[in-house]
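Taking it in order: structure first as C-alpha cells, then the write-up.
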Amino acid sequence: RLGKFTVNYRKKIITRLSLFYLIVLIIGTAFVFLGIAIPMLFGEADYSNMVEHFVSHDLKRFLLSWVISIGIASVAFFYMEWNNALKRERKLREEKLIFQYESLKSKVNPHFLFNSLNTLSSLIPKNPELSERFISKFSTIYRYVLEKADRDLVGLEEEIEFINNFFFLQEIRDEGKINLKIEVDRPESYAVVPVSLQLLVENALKHNAATRENPLN
C-alpha cells in the first residue's frame with residue numbers, strides 16, 4: 001500500500017543519512033588523528049599523551065571541521081537524493097504513459113468486442129435469459145472502463161467485481177474450459193491501478209491452452 005511504501009522509503013532515507021554522517025565522522029576523526037600522529041612518528045613533535053593533547057589543543061578545531069564537513073555532506077546527500085527522486089519520477093511518468101496506452105488499447109480492443117458480439121448473436125436464439133445477463137455484464141464492463149480507466153487508483157473490491165463480470169463473458173464463450181477463483185483477505189483495504197487485473201487475466205487466457213479435459217484455472 002502507498003502509506004506503507006512511504007514509511008519504508010522514509011526509514012530508508014533516515015538510515016542512509018545516518019550511515020552517511022557516521023562515515024563523515026569516521027573519516028574526519030581519522031584525518032585529525034593522522035595530523036597528530038604523523039608529526040610524532042617523524043620526530044617533529046613529542047606527544048607523550050596524544051589524547052590529552054587532542055582535547056586541549058585540537059578538539060575545537062576537530063568539532064568545527066566536523067560541523068563544516070557535515071554541512072557540505074548534507075548538501076551533497078540531499079542533492080543526490082533530489083536528483084534520484086527526479087529520475088524515479090521521470091521513470092514513473094514514462095511507465096504511466098505506457099500503461100495508459102495499453103489501457104486505451106484494451107478499452108477499444110476490437111477482438112474482445114467482436115468475440116463478445118459474436119457470442120451474443122449465437123446466444124440470443126438459444127438462451128434469451130442468459131443473453132440478457134450477458135448484455136448487462138457487457139454494458140457494466142464498458143461503463144467501468146470508461147469511468148475508471150483515467151483514475152490513478154480504484155478500490156480492489158471494485159476491480160474484482162469488474163474481473164468477475166469480464167470473466168463471466170469469457171466463461172460463456174469458452175464453455176467450461178476456464179475457471180476463476182479469487183481469494184483476497186480484506187480487499188476493501190487495498191487499491192490498484194484500474195483495469196490492471198483485467199490485462200493480467202486477458203494475457204493468461206490468450207497465452208495458455210484450455211480444454212474441457214484440462215481447463216485453465
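For this structure, a couple of remarks:
- Single residue of segment 121-148 satisfying the filter (hydrophobic (A, V, I, L, M, F, W, C) and crowded, with 17+ Cβ neighbours inside 10 Å) that is nearest to the chain's Cα centre (by Cα): Val145
- Residue-level analysis places Arg173 among those that are more than 21 Å from Phe99 (Cβ to Cβ) and either in contact with a Gly (Cβ under 7 Å, 6 or more places away or on another chain) or open to solvent by 90 Å² or more (accessible area, probe 1.4 Å) (or both).
- The lone exception for Glu157 - which of (1) at pLDDT 90 or above; (2) loosely packed, with under 15 Cβ neighbours inside 10 Å it fails: (2)
- Residue in segment 58-66 that is at pLDDT 75 or above and either farther than 30 Å from Val24 by Cβ or touching a helix residue (DSSP H, G or I) at 6+ places or on another chain (Cβ under 6 Å) (or both) present: no
- Considering segment 182-217, and only residues there that are assigned to a loop (DSSP other than H, G, I, E, B) and of a type in the set (S, T, N, Q), the residue that is most open to solvent (accessible area, probe 1.4 Å) turns out to be Asn217.
- Within segment 128-153, the residues that satisfy the criterion of being of a type in the set (A, V, I, L, M, F, W, C) and not in a loop (DSSP other than H, G, I, E, B) are Leu130, Phe134, Ile135, Phe138, Ile141, Val145, Leu146.
- Flag if Glu161 is within 27 Å of the chain's Cα centre (by Cα), assigned to a helix (DSSP H, G or I) and free of Cβ contacts under 8 Å to residues at least 40 places away in the same chain: yes
- Summed over segment 161-194, residues that are within 21 Å of Asn208 (Cα to Cα) and not aromatic (Phe, Trp, Tyr) total 17.
The values are calculated or read from the model by the stated rules, or taken from the named source; none is laboratory data. Source: prediction; values computed, not measured. Cβ: placed from backbone, ideal geometry, glycine included. Neighbour counts: every protein chain shown. Protein only, heavy atoms only, side chains kept; ligands, DNA and RNA dropped before computing areas. Shrake-Rupley method; radii C 1.70, N 1.55, O 1.52, S 1.80 Å.
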